[in-house]
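Below is one structure, written out as structure tokens; comments come after it.
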């Protein structure tokens, strides 16, 4: 990560950037804009542990969150016992392959450790290699939204 990059928690009152993230999530995964805005604007949302953002030269370029549950659980309720989940890791295309997503992921893992979480999970159909390089282990493979998807986990304390 370069010195022009800052990783920090998104503030629930940062409406401009929440709207930007909502647009990213809609464009990438068709997540309804109002759902993201409501989730990230509510300081008392029990589903959101935190949302991290990366800024490069003061421009918002990447984000992801640590959540109690994720949409995959609506289709595969047998995984309800897993969690919390890292989800919705997004980096602007022109900033990909520069370590920003990994930096956001690492910041979320540190937050999970501060919260004394023992293990965290995620699912992906696009970035399995990124997560494996960061020490995540494959748990299960399944079809989700027509994609070959892997559920992964990472123990935070041994």
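Quick check: is even one residue across segment 66-81 assigned to a strand (DSSP E or B) and either touching a residue at least 12 places away in the same chain (Cβ under 8 Å) or in contact with a helix residue (DSSP H, G or I) (Cβ under 6 Å, 6 or more places away or on another chain) (or both)? Spell out how you get there, then give the answer.
Within segment 66-81, the first condition is being assigned to a strand (DSSP E or B), and the residues that meet it are 66-67.
Those left that are additionally either touching a residue at least 12 places away in the same chain (Cβ under 8 Å) or in contact with a helix residue (DSSP H, G or I) (Cβ under 6 Å, 6 or more places away or on another chain) (or both): 66-67.
Within segment 66-81, one or more residues are assigned to a strand (DSSP E or B) and either touching a residue at least 12 places away in the same chain (Cβ under 8 Å) or in contact with a helix residue (DSSP H, G or I) (Cβ under 6 Å, 6 or more places away or on another chain) (or both).
How many residues, within segment 23-55, are over 23 Å from residue 121 (Cβ atoms) and either part of a helix (DSSP H, G or I) or modelled with pLDDT under 95 (or both)?
Applying the first criterion (over 23 Å from residue 121 (Cβ atoms)) to segment 23-55 yields 23, 26-27, 32-34, 37-38, 41, 43-44, 55.
Among the residues that remain, those that are also either part of a helix (DSSP H, G or I) or modelled with pLDDT under 95 (or both) are: 23, 26-27, 33-34, 37-38, 41, 43-44.
Counting residues in segment 23-55 that are over 23 Å from residue 121 (Cβ atoms) and either part of a helix (DSSP H, G or I) or modelled with pLDDT under 95 (or both) gives 10.
Looking only at segment 8-22, decide whether some residue is touching a strand residue (DSSP E or B) at 6+ places or on another chain (Cβ under 7 Å), part of a strand (DSSP E or B) and either over 22 Å from residue 95 (Cα atoms) or at pLDDT 95 or above (or both). Before you say what the answer is, go through the steps one by one.
From segment 8-22, those touching a strand residue (DSSP E or B) at 6+ places or on another chain (Cβ under 7 Å) are 8-10, 17, 20-21; that's our starting set.
Now drop any that are not part of a strand (DSSP E or B), which leaves 8-9.
Those left that are additionally either over 22 Å from residue 95 (Cα atoms) or at pLDDT 95 or above (or both): 8-9.
Yes, segment 8-22 contains a residue that is touching a strand residue (DSSP E or B) at 6+ places or on another chain (Cβ under 7 Å), part of a strand (DSSP E or B) and either over 22 Å from residue 95 (Cα atoms) or at pLDDT 95 or above (or both).
Every residue in segment 50-65 that is out of contact with any helix residue (DSSP H, G or I) (no Cβ under 7 Å at 6 or more places or on another chain) and farther than 17 Å from residue 24 by Cα, please.
Result: 57, 58.
Would you confirm whether or not segment 62-83 contains a residue that is more than 29 Å from residue 143 (Cβ to Cβ) and modelled with pLDDT of 95 or more? Outline the logic, then answer.
Our first condition is that a residue be more than 29 Å from residue 143 (Cβ to Cβ); within segment 62-83, this holds for none.
No: segment 62-83 contains no residue that is more than 29 Å from residue 143 (Cβ to Cβ) and modelled with pLDDT of 95 or more.
The values are calculated or read from the model by the stated rules, or taken from the named source; none is laboratory data. The structure displayed is predicted, hence computed values, not measured ones. Ideal geometry is used to build each Cβ from the backbone, glycine not excepted, and the neighbour counts take in all protein chains shown.
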